[in-house]
Amino acid sequence: MNTEQARFNMIEQQIRPWEVLDPSVLSLLAVVKREDFVPAAYRSMAFFDTEVPLPNGQVMLAPKIEARLLQELEVRKHERVLEIGAGSGHMAALLAHKARQVVTLEIDPVLARLASENLKNASVTNVSVVEGDGSKRLPTAGPFDAILLSGSVASIPQALLNELKVGGRLAAIVGQEPVMNAVLVTRVGENDFKSVNLFDTVAQRLSGFDEPSRFHF
């Protein structure tokens, strides 16, 4: 496989047609080596338009979904970002190139170690991988400028939205199969949130997020 040609084709044939046109996002996808975050057994799938299997039945989001969510969050260099669902660490690596600091939370200890190793091997130094359950009390302190849920949820818990700074954004895939919606929620005031539907898709459920009421402080 010609890796660079496959990467180019992924960007031009999958990601651009999905309305990902931000030059900074497109150039980042060329720089961050997605194949380095894919398990060796599935390396040939790194640039496919599909989810990639990870240990313990988990998956990486498809490239176009990651790219679109990254674009919509509009992360800036001074910002602090929380990701829930580290997976292989690929999305955290993308976020790290745009943010000042990224905290990525992973409930599965095997994936937490995998993400840590992949990020270290990629020389990404501004990401903290924290093992913990994002559907319960957060083991890390907010507030955050941006929050990304790298998987789907039944609905977005208010307690998680409260971890946003005013002006902060949260991106998540919300709903039930067969149709879910990617949404962007912006905290426009202390008690005021604005939500925008971005696109329809389907993604694997994040552990613990079938019952939003379980998220408590």
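The values are calculated or read from the model by the stated rules, or taken from the named source; none is laboratory data. The model shown is predicted, which means the values in this text are computed figures rather than measured ones. As a convention, Cβ positions derive from the backbone with ideal geometry for all residues, glycine included, and neighbour counts pool all protein chains shown. For accessibility, only protein heavy atoms count, side chains too; no ligands or nucleic acids. Shrake-Rupley method; radii C 1.70, N 1.55, O 1.52, S 1.80 Å.
What are the ³J(HN,Hα) couplings of segment 59-66, residue after residue, when phi is run through the Karplus curve with 6.51, -1.76, 1.60 and θ = phi - 60°? Round to Hz, x for glycine and proline.
For segment 59-66, the Karplus curve yields 9, 8, 4, 4, x, 5, 6, 4 Hz.
Please compute the per residue accessible area over the chain with all protein chains in place, 1.4 Å probe, rounded to a whole number of Å².
Numbers: 9630 Å² over 217 residues.
Dividing the accessible area of the chain by its residue count gives 44 Å².
Could you order peptides 96-102, 29-35, 56-62 by the average number of other Cβ atoms within 10 Å of their residues, highest first?
96-102, 56-62, 29-35
Evaluate 2.2 N^0.38 Å with N set to the residue count of the chain, then give the Cα radius of gyration divided by it. Don't jump to the answer; show the numbers that get you there.
Values: Rg = 16.0 Å, N = 217, 2.2 N^0.38 = 17.0 Å.
So the Cα radius of gyration is 0.94 times the expected 2.2 N^0.38 Å.
Go through segment 183-188 residue by residue and turn each phi into a ³J(HN,Hα) via Karplus (6.51, -1.76, 1.60, θ = phi - 60°); whole Hz please, and just put x for glycine and proline.
10, 10, 10, 10, 7, 9
Count the lysine pairs in segment 59-217 whose Cα atoms sit under 28 Å apart, keeping only pairs 8 or more residues apart in sequence or on different chains.
Eligible lysine pairs with Cα atoms under 28 Å apart amount to 17.
In the chain, what percent of the accessible surface is made up of carbon and sulfur (1.4 Å probe, ligands and nucleic acids excluded)? Provide the component values of the computation, followed by the final result.
Details: 4800 of 9630 Å².
About 50 percent, which is the carbon plus sulfur part of the accessible surface.
What is the P(r) of segment 19-138, as percent of Cα-Cα pairs per 5 Å bin from 0?
Binned Cα distances yield the sequence 2, 12, 23, 25, 23, 11, 4, 0.
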